[in-house]
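The values are calculated or read from the model by the stated rules, or taken from the named source; none is laboratory data. Just so you know, these numbers come straight off a predicted model, no measurement behind them. Glycine also receives a Cβ, built like all others from the backbone with ideal geometry; neighbour counts cover every protein chain displayed. All accessible areas refer to the heavy atoms of the entire protein, side chains included, with ligands and DNA or RNA removed. Shrake-Rupley method; radii C 1.70, N 1.55, O 1.52, S 1.80 Å.
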Amino acid sequence: KIYYAAGPEPGYSNELVHRRHANFDERTGTTCVRRRILRDSNFDARLFGMDAIFYMGNEFSGSTFRRVSSIPMFRLLPSTSPLLAMDLAILKRKSSMSFLYLGGNGLICKGLDLVLEAFDGLSHLTLDVCGPEGETDFWEYYRPLMERNPQITFHGFVDVTGPVFKSITSRAAFNIFPSCSEGCATSVVTAMKRGVIPVVTPESGVEVGDFGYKLEKATVEGVRDVVLNLCEMPQSEMKRRILDTYLESSRYSMDGFKDSMLRAILRTLSMKGLV
């Protein structure tokens with residue numbers, strides 16, 4: 001019996017999302033709908049009788065289950081589109097002044113509020129935001145900020161294999177993603193396939209090695225400080241990190257998912273004495 005975990009342990013994930021919303025409420029003096037909350041209870045009971053946990057993510061993702069269980073755990077790697085690739089010619093077009101935010105539903109959980117406030121007034125930089133437009137309470141609050149910051153462009157949801165995303169990722173050097181709770185953020189690994197360096201919290205579920213950056217402080221000031229340092233990166237260092245990012249992204253493929261799943265299955269069967 002396998003517990004297939006595409007995200008962190010649900011109870012702890014809810015705690016992290018509530019905490020992030022509480023920070024937003026206190027910081028802004030307003031409230032938004034609390035999205036990315038799992039409306040259920042007795043999450044621990046689902047682990048009863050399981051032989052193994054197959055989980056997406058990094059050490060953070062795994063640690064959320066170790067809080068409540070000693071069941072053997074095996075890591076899976078998600079796949080990105082096989083149509084994504086980086087043309088080496090875009091290395092000349094990449095700019096340390098160009099940043100990307102790419103994420104799905106739950107904009108406060110995923111930290112877009114922190115990113116927008118961090119870029120407020122940074123007119124020498126550009127930020128392309130790709131995400132849902134349906135969270136009207138969020139966008140209503142940030143409308144004045146967007147209007148006074150023409151260097152921030154909102155594109156809505158984009159086809160990651162289409163021309164808009166290709167254009168954005170041909171110039172963007174960094175992807176800012178300060179999420180508070182993910183299994184493994186496929187938006188981040190998708191951008192990596194286009195050579196966009198990940199700048200992420202540990203909770204993003206993505207390992208960044210020596211090519212990306214960990215956001216240790218998921219605050220407006222923490223994001224802003226990192227951004228101001230990154231925009232001054234020497235070209236040679238930026239190109240090295242872009243290439244290493246793209247090389248790392250090859251792990252997040254159909255073959256990578258298949259291999260990690262097969263390894264988890266075989267190790268579980270061996271553990272049970274069935275192979």
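For each pair in K166/K217; K110/K258; K110/K239; K166/K193, compute the distance between the two Cα atoms and list the pairs where it is over 20 Å. Walk me through the numbers before you get to the answer.
Details: K166/K217 30 Å; K110/K258 27 Å; K110/K239 27 Å; K166/K193 11 Å.
Pairs exceeding 20 Å: K166/K217; K110/K258; K110/K239.
Per the Debye formula with a single identical scatterer at each Cα and no solvent contribution, what log10 I(q)/I(0) holds for region 125-213 at q = 0.13, 0.14, 0.20, 0.22 Å⁻¹?
Values returned for q = 0.13, 0.14, 0.20, 0.22 Å⁻¹ are -0.47, -0.55, -1.08, -1.23.
Please give the per residue accessible area of the chain, computed with a probe of 1.4 Å over protein heavy atoms only, in Å². All intermediate terms of the calculation are to be shown ahead of the outcome.
Numbers: 12610 Å² over 275 residues.
I get 46 Å² per residue for the chain.
Could you state the principal axis extents of the C-alpha atoms in region 233-274, from the largest down, to the nearest angstrom?
In descending order, the Cα extents are 54, 18, 8 Å.
Any chance you could tell me what percent of the C-alpha pair distances in region 1-118 go past 26 Å? Display every interim value, and only then the final one.
Numbers: 2837 of 6903 pairs.
Value for region 1-118 (Cα pairs over 26 Å): 41 percent.
Rounded to the nearest percent, how much of the accessible area of the chain (1.4 Å probe, protein heavy atoms only) is carbon and sulfur?
Numbers: 6730 of 12610 Å².
Carbon with sulfur: 53 percent of the solvent-accessible area.
Where Rh is the Kirkwood radius over the Cα pairs of region 177-275, the temperature 10 °C and the viscosity 1.306 mPa s, what D in µm²/s does Stokes-Einstein return?
105
Kindly provide the Kirkwood hydrodynamic radius of the chain in Å, to one decimal, from all pairs of distinct alpha carbon atoms.
Details: mean 1/r = 0.0514 Å⁻¹.
Taking every pair of different Cα atoms in the chain, averaging 1/r and inverting gives 19.5 Å.
Report the one residue of A6, L247, A173 whose Cα lies farthest in the direction of the positive end of the charge dipole of the chain (charges on C-beta: Lys and Arg +1, Asp and Glu -1; origin at the Cα centre).
With unit charges placed on the Cβ atoms, the residue in question is L247.
Beyond 17 Å, how much of the Cα-Cα pair distribution for region 132-179 remains, as a whole percent?
On the way: 552 of 1128 pairs.
The calculated P(r) of region 132-179 puts 49 percent of pairs beyond 17 Å.
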